[in-house]
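A short write-up of the structure that comes next.
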Amino acid sequence: MAESKVYFRNYRFRWLAGLGILLMCVAVYHVYKPLPYGVDYTAPARTASHIQFLADRTYTVNDTRHMEQQIFDAVFDMIAGARKIVLVDMFLFNDFQGQGAEEHRALSDELTDALIAQKQRYPELEVHVISDPINNLYGGRASRHFAQLEAAGIPVTVTDLTRLRDSNPVYSVFWRLFIQPFGNSEGELLPNPFGEGRVSVRTYLAMLNFKANHRKLIIADNGHELTALVTSANPHDGSSAHGNVALRFNGDAAWDLFETEAAVLTFSGKAAPIFELQQVAEPIENGLTVQVVTERAVERSTLELINEAKPGDKLDMAMFYLSDRHIVEALKAAEVRGVILRVLLDPNKDAFGREKNGVPNRPVAHELKQAGITVRWCDTHGEQCHAKWLMHRGVEGNTTMLLGSTNLTRRNLHNLNLETNVIVKGPAEAVPLQRGQIWFDERWNNLYGRHYSVDYATYADERLWPRLLYRMMECTGVSTF
């Protein structure tokens, strides 16, 4: 009897040890596994034509909120001009509105209707939509918009996020082994976390992987040339009042962008569209280049931009989330070198009717302020200061502007999410760079009688626990930012 008890204990120990080794091996593999082809991409700097800086502005005048929007109007213009190809990759493509009594524009319906109408007008037009599984709640609730698009003959590719590395490995290892094999289906057990109705437990369990195709872009032809738009804005009704920026451009950089999207289609099990387009090169005299960068290439480009700034140069930043330690340390070092910095941050207090706790921006802002960097906050009223924008102006007149989908956080920068940014370089007097600078100055200084921002003291938070919480969340990946 004693021998049998010893055998049972040894057997249980061996079983648990084997399980622990299996979990560790799976977790380590999915943190360091090879990336799908086309991820973490750096394109060459290309000359480009018809470069436009676009912005959605939300501000108050005498405590009344106003909105001026350019981005999706440009998107709809691109769709209307397409004859060969339209490819849309958007993170949030839904009408979820949260709990607030916000003023919304029905962007998801507008985009759906515009794509279907153009496909019906030109049946040979190749239209493709790529998006994130959050829009069908990871298989837990059908997307009305995706169903309408598919019925009109427009294929919708829901990105296969399992091919990406795990941002929350402590949890994701259990999900991959014990939950993912069972898939997901529509259920009624739990409330929908984003709106009306109910969903299955497996929807919540999938959501805890904290991983996304976070890209926001459109590629289309204009009859003779490929054109593209990269932005921080989503066709999401609940986000329609957010402040955002975008860059629209034609030429070879648009083809680079198309290659990055073809890669997503391929690793998600779909064929990339094939189309013929007679390129008509236009003379380019703007002195600008446009470069496409994705995933961790965005971090490398951002660090290069900051680290190469010299004493007397100017660095301006407007950012929804700032938490990546490499970026924070680079900003502090730039301040020591004598670079003139202005950092405009969202206070991280509004999230579709829910109140947030200010993490990560408030503890990061405290750290920057302690280092002598000037920080201001967007004065939001339900909406978010959602732009991801950075500009370097050299004393010699050279200027670089970086913008796109990418928050400066570990999840967004370390090959965990799919992200796309563009880098514009050229003389400071070039119109797109001037308009980007005017956009930032307007917000920083509350120009033209419009109120956009407030002093650091308004949302200053110097408590210890938010700093500890931010560091823990950034380090472990147990984080929504």
Every listed condition ((1) small (Gly, Ala, Ser); (2) in contact with a Phe, Trp or Tyr (Cβ under 6 Å, 6 or more places away or on another chain); (3) closer than 20 Å to Asn421 by Cα) holds for Ala246 save (2)
Answer yes or no as to whether Ile274 is of a type in the set (A, V, I, L, M) and in a loop (DSSP other than H, G, I, E, B).
-> yes
Residues satisfying the stated conditions in the stretch 29-42, i.e. of a type outside the set (Ser, Thr, Tyr) and either free of Cβ contacts under 8 Å to residues at least 40 places away in the same chain or part of a loop (DSSP other than H, G, I, E, B) (or both) = Lys33, Pro34, Leu35, Pro36, Gly38, Val39, Asp40
Run down Tyr459, Tyr452 and say which single residue is outside the structural domain of Thr260 (by TED's automatic domain parsing), among the hydroxyl-bearing types (Ser, Thr, Tyr), touching a Pro at 6+ places or on another chain (Cβ under 7 Å) and crowded, with 20+ Cβ neighbours inside 10 Å.
-> Tyr459
Where residues in the stretch 425-466 are farther than 24 Å from Asp316 by Cα and in a helix (DSSP H, G or I), which of them is nearest to the chain's Cα centre (by Cα)?
-> Pro466
Select, from Trp389, Trp377, the only residue that is among the hydrophobic types (A, V, I, L, M, F, W, C) and touching a Cys at 6+ places or on another chain (Cβ under 9 Å).
-> Trp377
Answer yes if at least one residue in the stretch 308-325 is among the hydrophobic types (A, V, I, L, M, F, W, C), more than 20 Å from Asn445 (Cβ to Cβ), surrounded by fewer than 16 Cβ atoms within 10 Å (Cβ to Cβ) and modelled with pLDDT of 95 or more, and no otherwise.
-> no
Checking Glu396 against (1) in a loop (DSSP other than H, G, I, E, B); (2) farther than 27 Å from Val292 by Cβ, the condition it does not meet = (2)
Pair list, Cβ < 6 Å and 6+ apart or interchain, from the stretch 208-227 residues that are more than 15 Å from Thr260 (Cα to Cα) to residues that are charged (D, E, K, R) and surrounded by fewer than 22 Cβ atoms within 10 Å (Cβ to Cβ) | Asp221/Lys84; Gly223/Arg83
Condition met for Val88 (touching a residue at least 60 places away in the same chain (Cβ under 8 Å), touching a Pro at 6+ places or on another chain (Cβ under 9 Å), within 30 Å of Phe275 (Cβ to Cβ) and in a strand (DSSP E or B)) = yes
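The values are calculated or read from the model by the stated rules, or taken from the named source; none is laboratory data. All of these numbers come straight from a predicted model, not from anything done at the bench. Don't worry about glycine lacking a Cβ; one is built from the backbone with ideal geometry, like all the others, and counts go over all protein chains shown.
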